[in-house]
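Just so it is clear, none of the values below were taken in a lab; they were calculated from the coordinates. Given the structure is predicted, the values throughout are model-derived calculations rather than measurements. Counting neighbours? That spans all protein chains shown, and the Cβs are built from the backbone with ideal geometry, glycine included.
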Amino acid sequence: MLKLLWSYLKFWWRSKNQHGVHSPFVFKLVTDCFYDKSNYNDYSKLRQYRKELLSNKDSIEVTDLGVGSHMMKTKKRVIAHMAKNAGSTLSRTKLLYRFVQYFKMESILELGTSLGIATHAMGLAQPEASITSLEGCPNITIFASDNLKANGIQNATVINTEFSQGLNKLSQETFDLMYIDGNHQKEATLEYFETLLEKTHNDSIMIFDDIYWSKGMTEAWNTIVAHPQVTVSIDTFFWGIVFFRREQVKEHFIIRL
Ligand SMILES: C[S@@+](CC[C@H](N)C(=O)[O-])C[C@H]1O[C@@H](n2cnc3c(N)ncnc32)[C@H](O)[C@@H]1O
């Protein structure tokens, strides 16, 4: 916890708002998306989806894909606790909603569905988009899939698979957005990045969640930023975002939200 606080202080010290950004592409993203204070009608649906989960006292048997996904522990978890601990926060969910809308994403891949909080936001943001979300726990997959449908999300398919296996079976050639929000370990994250590089086009974007969650995650993030195919990279502390736009010179931004 202290380490995370220290990382945050260092981040805050080095971070900028839109005024320190000279790239027109990033400046526009920061002002028109990150700092967009509009109260979108769909925000009430995002709040409602969370509220229902946070008041759901049912429990399900959860298969926890532990270290390296080799050790699997199964235990009962209350939905409300899962929503509180593993799900995206409301502010992150709103940001994801704006992000998907801002870039008019048409094809999205999510690694780590959990209860579908982020999937729901992305589905609402772009009802025309096709969303594929991978989740390793069979019962969570069923719950999220049913819950998304019950909440009117028709454009998301939740697939029950371990990430590495699922990634190797994806038939889709490229994705506009790849949101990596599960198995926050250095080696696994780098493996997903390398595999997903084959699924990128010039305007693809990858988002890595919790880049300061551990020393290993921060090391993985630094390796990703340094990769020659990555041009623009943005550190927002909780998300690391990378772009592959060949028309852009390589530049790293640290932006406070
Ligand atoms: C942090 S949660 C995802 C949160 C979700 N994106 C949201 O915003 O609400 C991570 C999920 O990834 C799944 N997961 C973790 N490691 C995995 C792996 N190696 N293969 C498949 N699923 C995995 C977990 O079961 C968990 O549900």
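The figures follow:
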quantity	calculated
Helical contribution to [θ] at 222 nm, DSSP H n ≥ 4, -39,500 (n - 2.57), averaged over the chain, rounded to 500	-12000 deg cm²/dmol
Per residue, the convex hull volume that the Cα atoms of the chain enclose (Å³)	124 Å³
Full-stretch length increase - R245, F27 - with 0.36 nm per residue and alpha-carbon distance subtracted	76.9 nm
Angle between the chain longest axis and helix 215-226 axis [Cα atoms, degrees, rounded to 10]	50 degrees
0 to 90° range, to nearest 10: angle between helix 90-102 axis and the chain longest Cα axis	60 degrees
Cα shape, segment 108-172, gyration tensor, a/c 1.5 rule	oblate
All aspartates and glutamates inside 14 Å of K104 as judged from Cα atoms, apart from same-chain residues fewer than 8 positions distant	D32, E128, D176, D203
Debye log10 I(q)/I(0) for segment 108-222, one point scatterer per Cα, at q = 0.15, 0.19, 0.21 Å⁻¹	-0.63, -1.00, -1.19
With Cα atoms, 0 to 90° folded angle of helix 186-197 axis to the chain main axis	80 degrees
Length released on extending from D36 to S91, taking residue separation times 0.36 nm less the Cα-Cα span	18.6 nm
Inter-probe distance in nm under a simple model that places probes 7 Å from Cα toward Cβ, at A150 and D203	3.7 nm
In order through segment 47-57: 3J(HN,Hα) via Karplus (6.51 cos²θ - 1.76 cosθ + 1.60), integer Hz, x for Gly, Pro	5, 5, 4, 5, 4, 4, 5, 5, 9, 8, 8
